[in-house]
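Quick notes on the structure that follows.
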Amino acid sequence: MSLPLDEQLCDDCRFFISDGTTFAGECHRKPPKIMRRPTRDEQHNRGVWPGVTTSDWCGEFEQRPGDGGE
């Protein structure tokens, strides 16, 4: 059974990874984007996922296993 659309929030999504706060984290639905971070001596590449809050939503919600009757 799926949640109503107004309850399909990042906080309950299987792709949401909390950053340790009570309201923010990252969406791991898709691969990270590679960001170039130049330093004084060389280039560093880093994978970055989109930052989201627990009350954000998108059209690709999948309920976290074990939440809400699964």
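Residue pairs whose Cβ atoms lie under 6 Å apart, sitting 6 or more positions apart in sequence or on different chains, and linking a residue in the stretch 1-13 that is of a type in the set (A, V, I, L, M, F, W, C) to a partner that is at pLDDT 90 or above, are 9/55; 9/57; 10/16; 10/52; 10/54; 10/56; 13/61.
Among the residues of the stretch 1-45, those identified as polar (S, T, N, Q), more than 22 Å from residue 65 (Cβ to Cβ) and assigned to a strand (DSSP E or B) are 43, 45.
Summed over the stretch 13-28, the residues that are among the charged types (D, E, K, R) and crowded, with 17+ Cβ neighbours inside 10 Å give a count of 1. Scanning the stretch 34-53 for residues that are modelled with pLDDT of 95 or more and loosely packed, with under 13 Cβ neighbours inside 10 Å yields one hit, 51.
The set of residues in the stretch 54-66 that are of a type outside the set (A, V, I, L, M, F, W, C) and surrounded by 12 or more Cβ atoms within 10 Å (Cβ to Cβ) comprises 54, 56, 62, 63, 64.
The values are calculated or read from the model by the stated rules, or taken from the named source; none is laboratory data. What you are looking at is a predicted structure, and each value in this text was computed from that prediction instead of being measured. Positions of Cβ are backbone-derived with ideal geometry, glycine not excepted, and every protein chain shown enters the neighbour counts.
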